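Structure record follows, encoded as structure tokens.
Every number here is computed from the coordinates shown, using simple stated rules; none is lab data. No experiment lies behind these values; they were computed from the predicted model shown. Note that each Cβ is placed from the backbone with ideal geometry, even for glycine, and that neighbours are counted across all protein chains shown.
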Amino acid sequence: MSRFDLQLASLLKARFPLIYIPTWEEERVLEVIKGLVKDARRIRTPRKMFVWTATEGIRGEGMSGSEETRPPLKALEWIRKFQEPSVFVLCDFHVYFGAGSARPDHLLIRKLRDLAAELKRSVSPKSIIFVSPLTVLPDELRKDVTLLDFALPTFEDILALLTDMVRVNSKSGRITISLTEEDKERLAKAALGLTLKEAENAFARAMAQTGRLTADEVDVIHEEKRQIIQKTGILEFVSSNLDMNDVGGLENLKRWLKKRSNSWLESARRYGLPAPKGVLITGVPGCGKSLIAKSISAMWHLPLLRMDLGRIFHGIVGSSEENMRQSIRTAEAIAPCVLWIDEIEKGFGGLGIGGDGGVSARVFGTFLTWMQEKTSPVFVVATANNIDRLPPELLRKGRFDEIFFVDLPTHRERKDIFSVHLRKRLQDPKVTGSFQVTEEVLDHLARLTEGFVGAELEQAVIAGLFEAFSEERSVRLDDFEKAIRQMVPLSVTQAEQIRAIREWANVRAVAATAPEDMKDYAPGQGISPTAPVPGEDVRGIRGGRTIDF
Ligand code: ADP
């Protein structure tokens, strides 16, 4: 039995009067409810099931809809009078609750509140279930209504649909179908995250496009899915060819991640390990937080989804709460996957200030509860620049597995970052000439760039190459030296801010830099983590607790 079935069964058993299920999959959810209400083992007392729509009125159990029960108030009155154990599914009631620019129907809302009280006291168990594509709940009903998420179809659901489609289309003979059981599983997996209807359309379109259905159509399904998910405008599939070799330094964080590499496998579960929840990566802007988020997905061979919190709150479709719930559902259906929430402080920072009637607090609450209770293999990587704005609830134990702090790169890390970017760009012998990326060169460049962030080191490499390019010759060490001299690193102009976030990090976060990389902070210059440079004290002190993973 799925988690949804279990939850709904226990709500019905416990006689919750009003249940709200936001979903686009009306047909599928009605099927599930239909199965459940007759099952005495699961809900104790079997119930009669009725479905109400504005077009048909009340139908089911011998009722075939009627003019009389079409008006919603009349339907509620009918429900009130009905005395047998029953479940009433009301479709699209959100329109009366004030969806979009419509005004809420206060009379109806009042009636529902009265009815909720009556249903609780009624002799026979009776419940109302709202099924709507949108979550719209008037504040007056919040205490009486229980929201229940209807999960997207499982792998088994989609596989069954595909098997059915294959059977029908093989008979027609117009489509060439050549699929092993394994191919079918891959196709079904590719469609995870879609509703059943969307999956059906995606398979149908793949067949129509190519006139066949084979393992090669996995790419078509992936592309369909990317587009459908993109259309919701909240989640985005990020395809990135970056991996951990593109990240210089941050060894401590990399080791922590590496240890969890196989935590998605069945063997980890059998070992008794829970799926990791995720990490919060804070720190100085431009030091590789986004870079590492993108690399995790390559390291673990998992798809990467990016959640745009700005769109959750200000998207053109759906309410903020619905958007958050929908994103969570999609991520869970695609799991195992990495869910990257970029600049989380922009969405959840400064909660309680905006007079939005508690909407942000509720969206945040939905996210926190999910993080706390999450057992599905969705690894959340949240990145944040501005830690002042992070709500403390986010930092509490049980939400993220670890909070990391990414500081200005140390000497060793700068060498590493230079190495990454120089090697990446110096591929052509005509560009490289006699210039060689040696230990000495890296050491020299790292010494010149104390206080630079990773993004600035990359810029220095690019600017150096421009010097050489503009003079139509191969690159030289002094091109990079000149580029570096011309730059003013962010740490100079933002010394105060950096100092503040380091202080914050010292008590709350773990350093992403490995302990051994901190030791030789700047060899030969006598600058150590505990001996700040006079006048530029932001440089010497580092943030984050040192833990050796
Ligand atoms: P943040 O998310 O911390 O603001 P980014 O990850 O967006 O920083 O960094 C911007 C760019 O700077 C990266 O795409 C990468 O090219 C370069 N960069 C930053 N830090 C590193 C690093 N540690 N190793 C290699 N490149 C880096």
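If the chain between R41 and R3 were fully stretched, how many nm would it gain, using 0.36 nm times the residue separation less the Cα-Cα distance? Provide the component values of the computation, followed by the final result.
On the way: separation 38, 0.36 × 38 = 13.68 nm, distance 1.62 nm.
Full extension from R41 to R3 adds 12.1 nm.
Past the 26 Å Cα-Cα mark, which pairs from K225/K259; K13/K374; K254/K415; K294/K415; K277/K424; K48/K225?
Table pairs above 26 Å Cα-Cα are K225/K259; K277/K424; K48/K225.
In nm², what is the average projected area of the convex hull enclosing the Cα atoms of region 345-483? Don't skip to the end; give the middle numbers.
Values: hull surface 49.0 nm².
In nm², the orientation-averaged hull projection of region 345-483 is 12.3.
Note the per residue figure in Å³ for the convex hull of the C-alpha positions in region 1-156. Can you show the working numbers first?
Working: hull volume 17.3 nm³, N = 156.
Cα convex hull per residue, to the nearest whole number: 111 Å³.
Kindly rank 128-134, 281-287 from highest to lowest mean number of other beta carbons found within 10 Å of each residue.
Details: 128-134: 22.0, 281-287: 25.0.
My ranking of the peptides, most packed first, is 281-287, 128-134.
Local charge sum around R425 (other residues, Cβ-Cβ under 14 Å, Lys/Arg +1, Asp/Glu -1)? Don't skip to the answer; put the middle values down first.
Details: positive: R423, K424, K430; negative: D246, D428, E458, E467, D479.
Taking every Cβ under 14 Å from that of R425, the sum is -2.
Compute the Kirkwood hydrodynamic radius of region 157-228, taking the inverse of the mean of 1/r over all pairs of distinct Cα atoms, and give it in Å to one decimal.
On the way: mean 1/r = 0.0852 Å⁻¹.
When all Cα pairs of region 157-228 are included, the Kirkwood radius is 11.7 Å.
Any idea what the alpha-carbon Rg over 2.2 N^0.38 Å comes to for the chain?
Numbers: Rg = 28.7 Å, N = 549, 2.2 N^0.38 = 24.2 Å.
The value comes to 1.19.
Taking each pair of different alpha-carbon atoms in region 1-88 once, compute 1/r for the pair, average those values, and report the inverse of that mean as the Kirkwood hydrodynamic radius in Å to one decimal.
On the way: mean 1/r = 0.0725 Å⁻¹.
Roughly 13.8 Å, rounded to one decimal.
Cα-Cα pairs above 14 Å in region 82-145: how many percent? Could the numbers behind the result be given before it?
On the way: 1193 of 2016 pairs.
Within region 82-145, distances greater than 14 Å cover 59 percent of Cα pairs.
Name the aspartates and glutamates eligible as straight-distance cross-link partners of K346: C-alpha to C-alpha under 12 Å, and not fewer than 8 places from it in the same chain.
Result set, ordered by chain and number: D308, D388.
Kindly give the semi-axes, whole Å and largest first, of the ellipsoid equivalent to region 117-158, taking each as the square root of 5 times a Cα gyration tensor eigenvalue. Display every interim value, and only then the final one.
Details: eigenvalues 145, 55, 10 Å².
They are 27, 17, 7 Å, listed largest first.
Where does the chain land at 222 nm, in deg cm²/dmol rounded to the nearest 500, when only DSSP H runs of n ≥ 4 count, each adding -39500 (n - 2.57), divided by all residues? Display every interim value, and only then the final one.
Working: 25 runs with 260 residues, N = 549.
When only DSSP H runs of four or more count, the value is -14000 deg cm²/dmol.
Share of antiparallel DSSP beta bridges in region 22-175, in percent to the nearest 5?
Numbers: 5 of 17 bridges.
Looking only at bridges with both residues in region 22-175, the antiparallel portion is about 30 percent.
When a/c is below 1.5 the answer is rounded, else prolate if a/b is larger than b/c, else oblate, so apply that to region 250-329 with a ≥ b ≥ c taken from the square roots of the Cα gyration tensor eigenvalues.
Taking the square roots of the gyration eigenvalues as a ≥ b ≥ c, region 250-329 is oblate.
Pairs of Cα atoms under 8 Å, at least six residues apart: use those to get the relative contact order of the chain, whole percent.
Working: 930 pairs, mean separation 65.3, N = 549.
About 12 percent, as a whole number.
Suppose R0 equals 45 Å. What FRET efficiency, 1/(1 + (r/R0)^6) with r the Cβ-Cβ distance, do A361 and T493 give to the nearest 0.05?
Values: r = 35 Å, r/R0 = 0.78.
Computed FRET efficiency for A361 and T493: 0.80.
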